[in-house]
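What follows is a short report on a single structure.
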Amino acid sequence: MNREKLLNGSITKSLLIIAVPIIFANILQTVYQLIDTFWVGRLGVEAVAAVSLSFPILFFLMSLAMGLLMASSILVAQYNGKGEPDKVSSTVGQSLSLVSIMAVIISVVGYFSSHYLLSFLTKDLSVLQQATSYLQISFLAITAMFVYILFQSSLRGVGEVKVPLIIISITVVLNFFLDPVLMFGWRFIPAMGVSGVALATLITEYLSAIIGIILLVRGTYGIKLRWSDLKMKFSWVKKIFRLGLPSSLEMGSRSFGMILMTFVASLFGTLTIASFGIGMRIFMFVIIPGIGFSIATSVIVGNNLGARQHERAEKIVKTGMKIGFLTLTGLGVLLFIFAKPISAFFVPNEIELVLEAAFFIRIMALTFGFIGMQMVIFGTLKAAGKTTTAMFLALFNTIMVFVISYVLSSIVGMQQLGIWVAYPISNVISAGIAYYFYWRKDWLKKEL
């Protein structure tokens, strides 16, 4: 979408044009995990539990990268709104250098500490062994994951959302066929079990990253990456950290909360861990529309704040909140109705697991609309540079859901039911608090 449409076009149309490709791209990104769960489910409960234990750690690291690179998206959007293409390219180059260094360090440290990290989450040696192998290979893909997230967020800052959708479509299809080949073996390829699933993802992640870098260097889509942009400058690094670190901590707190919740679930056995893992994958899949409208709102609000069109920015947020609430409420109703067949799709031969996972999904489902509203507000705060406020709101939500779940499950004695009901309670409370910070409207006056 060009700059003129971002600043003067139809608000609803602009939100949909940006959000819909983002939604589909994120659905396909989540399909990576769903495909893994689909194939691993054929290996039994222990294999599902192994991947479920690794997922929160990987999601935590991915969230840190996405949060830090939110600075790139914010700066790209505002510089694009101001009509300063050189600063757009400098933002992307500095972010690429910074995130690449971080990714290499995380990959090395993570690879050698995988067994130690997972040992806190399970004492089942069979599950631990499979989870360690899966996580180690996944750590080797971190650099590619981070680079592609940068590519994706940078293009979104200038309103280009179709290209990431095309790339992720290709790699998801490839991943679907690689998973069973590497997991079960084929001809000269040995059967690798859950390790094969991780290797398939590694291959497709690096393919995505390479394509992204090539497109940035060519400058085909409004961002021309030059060699001089990669040379790190303290002023740019400082600006990226100032904006990105709070977002990184915010998103990291959400995923760290998932790790904490996995720990709470582990107190009640392998069945509860596996049920929680399936429920969380469905949860992450369902909130994708919320993420799409959050990012779309952030992009358009960022461009309009850069052009000092404050009244239009406020209209954008109101429209985004309505669409986010209604969309996720509708999806929640569908999930409530079809929770059991959806759970059975992943683990068709585990009746007890299907019933427990479906029960968890139904308890969460009817409050998903509040998540949609909350995420649009978070996108607005970030677009205005108020990333610290968003961070504290996310931290509050993380602490709240952990405390509620632990108290209800372990102290009150509700066991896994206490974990399940903590989610709808926190969804409603968090949305109310987020709306208060929107209502104050001090985000309209924030200058980068």
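The rows are residues; the columns are (1) in contact with a Leu (Cβ under 8 Å, 6 or more places away or on another chain); (2) over 22 Å from Q152 (Cβ atoms); (3) basic (K, R).
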residue	(1), (2), (3)
T171	yes, no, no
F177	no, yes, no
P180	no, yes, no
W186	no, yes, no
A191	no, yes, no
T201	no, no, no
I210	no, no, no
R218	no, no, yes
I223	yes, no, no
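Among the residues in region 334-348, are any of a type in the set (G, A, S), touching a Gly at 6+ places or on another chain (Cβ under 9 Å) and over 25 Å from I429 (Cβ atoms)? Looking through region 334-348, at least one residue is of a type in the set (G, A, S), touching a Gly at 6+ places or on another chain (Cβ under 9 Å) and over 25 Å from I429 (Cβ atoms).
Checking K386, K382 one by one, the residue that is surrounded by fewer than 21 Cβ atoms within 10 Å (Cβ to Cβ), of a type in the set (K, R) and either more than 29 Å from I337 (Cβ to Cβ) or without any contact (Cβ under 8 Å) to a residue 24 or more places away in the chain (or both) is K386 and no other. Could you tell me which residue of region 296-326 is modelled with the highest pLDDT, considering only residues that are of a type in the set (S, T, N, Q) and open to solvent by 10 Å² or more (accessible area, probe 1.4 Å)? Filtering first and then ranking leaves T319. Taking the listed residues I74, I170, I149, I142, the one that is among the aliphatic types (A, V, I, L, M) and either more than 25 Å from R242 (Cα to Cα) or free of Cβ contacts under 8 Å to residues at least 60 places away in the same chain (or both) is I170, with no other qualifying. Taken residue by residue, region 93-101 has no member that is more than 19 Å from L118 (Cα to Cα), in contact with a Gly (Cβ under 7 Å, 6 or more places away or on another chain) and not acidic (D, E). Can you pull out the residues in region 331-348 that are in contact (Cβ under 8 Å) with a residue 12 or more places away in the chain, part of a helix (DSSP H, G or I) and surrounded by fewer than 16 Cβ atoms within 10 Å (Cβ to Cβ)? Once the filter is applied, which keeps residues that are in contact (Cβ under 8 Å) with a residue 12 or more places away in the chain, part of a helix (DSSP H, G or I) and surrounded by fewer than 16 Cβ atoms within 10 Å (Cβ to Cβ), region 331-348 yields V333, K340, F345. Tell me, yes or no, whether region 200-219 has at least one residue that is modelled with pLDDT under 85 and in contact with an Asp or Glu (Cβ under 8 Å, 6 or more places away or on another chain). So far as region 200-219 goes, no, none of its residues is modelled with pLDDT under 85 and in contact with an Asp or Glu (Cβ under 8 Å, 6 or more places away or on another chain). Determine, yes or no, whether Y206 is open to solvent by 70 Å² or more (accessible area, probe 1.4 Å), part of a helix (DSSP H, G or I) and aromatic (F, W, Y). Spelling it out, Y206 is indeed open to solvent by 70 Å² or more (accessible area, probe 1.4 Å), part of a helix (DSSP H, G or I) and aromatic (F, W, Y).
Those residues that are of a type in the set (F, W, Y), open to solvent by 20 Å² or more (accessible area, probe 1.4 Å) and closer than 17 Å to A198 by Cβ, I need them from region 105-136; list them, please. Those that are of a type in the set (F, W, Y), open to solvent by 20 Å² or more (accessible area, probe 1.4 Å) and closer than 17 Å to A198 by Cβ: Y111, F112. Out of curiosity, is G222 crowded, with 18+ Cβ neighbours inside 10 Å, in contact (Cβ under 8 Å) with a residue 60 or more places away in the chain and under 22 Å from E46 (Cα atoms)? Against the criterion (crowded, with 18+ Cβ neighbours inside 10 Å, in contact (Cβ under 8 Å) with a residue 60 or more places away in the chain and under 22 Å from E46 (Cα atoms)), G222 does not qualify. A single entry from K231, K238 fulfils the requirement of being loosely packed, with under 15 Cβ neighbours inside 10 Å, among the charged types (D, E, K, R) and under 17 Å from K386 (Cα atoms): K238. In the condition set (1) among the charged types (D, E, K, R); (2) open to solvent by 70 Å² or more (accessible area, probe 1.4 Å); (3) closer than 22 Å to L96 by Cβ, R187 is compliant with all but (3). Exactly one residue out of F268, F285, F293 is of a type in the set (F, W, Y), open to solvent by 30 Å² or more (accessible area, probe 1.4 Å) and under 25 Å from the mean Cα position of the chain (by Cα), and it is F285. Any chance region 138-146 includes a residue that's in a helix (DSSP H, G or I), of a type in the set (G, A, S) and open to solvent by less than 40 Å² (accessible area, probe 1.4 Å)? Within region 138-146, one or more residues are in a helix (DSSP H, G or I), of a type in the set (G, A, S) and open to solvent by less than 40 Å² (accessible area, probe 1.4 Å). Restricted to region 38-130, the set of helices (runs of 4 or more DSSP H) holding at least 1 residues that are charged (D, E, K, R), more than 16 Å from A274 (Cα to Cα) and over 20 Å from the mean Cα position of the chain (by Cα) comprises 70-82, 85-118. Sort through W443, W439, W420 and tell me the only one that's at pLDDT 85 or above, open to solvent by less than 40 Å² (accessible area, probe 1.4 Å) and in a helix (DSSP H, G or I). None of the others qualify; the one that does is W420.
Here's the yes/no breakdown for (1) more than 30 Å from P348 (Cα to Cα); (2) open to solvent by 10 Å² or more (accessible area, probe 1.4 Å); (3) in contact with a strand residue (DSSP E or B) (Cβ under 7 Å, 6 or more places away or on another chain):
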position	(1), (2), (3)
L53	no, no, no
F59	no, yes, no
N80	yes, yes, no
S95	yes, no, no
A103	yes, no, no
Q152	yes, yes, no
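Within region 352-364, residues that are without any contact (Cβ under 8 Å) to a residue 40 or more places away in the chain reach partners that are assigned to a helix (DSSP H, G or I) and open to solvent by less than 10 Å² (accessible area, probe 1.4 Å) with beta carbons closer than 7 Å, at six or more positions or on different chains, in the pairs V354/S343; A358/A339; A358/S343; R362/A339. Note on region 1-42: residues that are modelled with pLDDT of 75 or more, farther than 19 Å from I167 by Cα and open to solvent by less than 10 Å² (accessible area, probe 1.4 Å) total 3.
When restricted to residues that are at pLDDT 80 or above and under 17 Å from A296 (Cβ atoms), region 73-99 contains 1. The test for being free of Cβ contacts under 8 Å to residues at least 60 places away in the same chain and touching a Phe, Trp or Tyr at 6+ places or on another chain (Cβ under 7 Å) does not hold for S119.
The values are calculated or read from the model by the stated rules, or taken from the named source; none is laboratory data. On a predicted model such as this, the values are computed, not experimentally measured, just so you know. Quick reminder, even Gly has a Cβ in these numbers, built from the backbone with ideal geometry, and neighbours come from all protein chains shown. Calculation scope for accessible area: heavy atoms of the full protein, side chains included, ligands and nucleic acids excluded. Shrake-Rupley method; radii C 1.70, N 1.55, O 1.52, S 1.80 Å.
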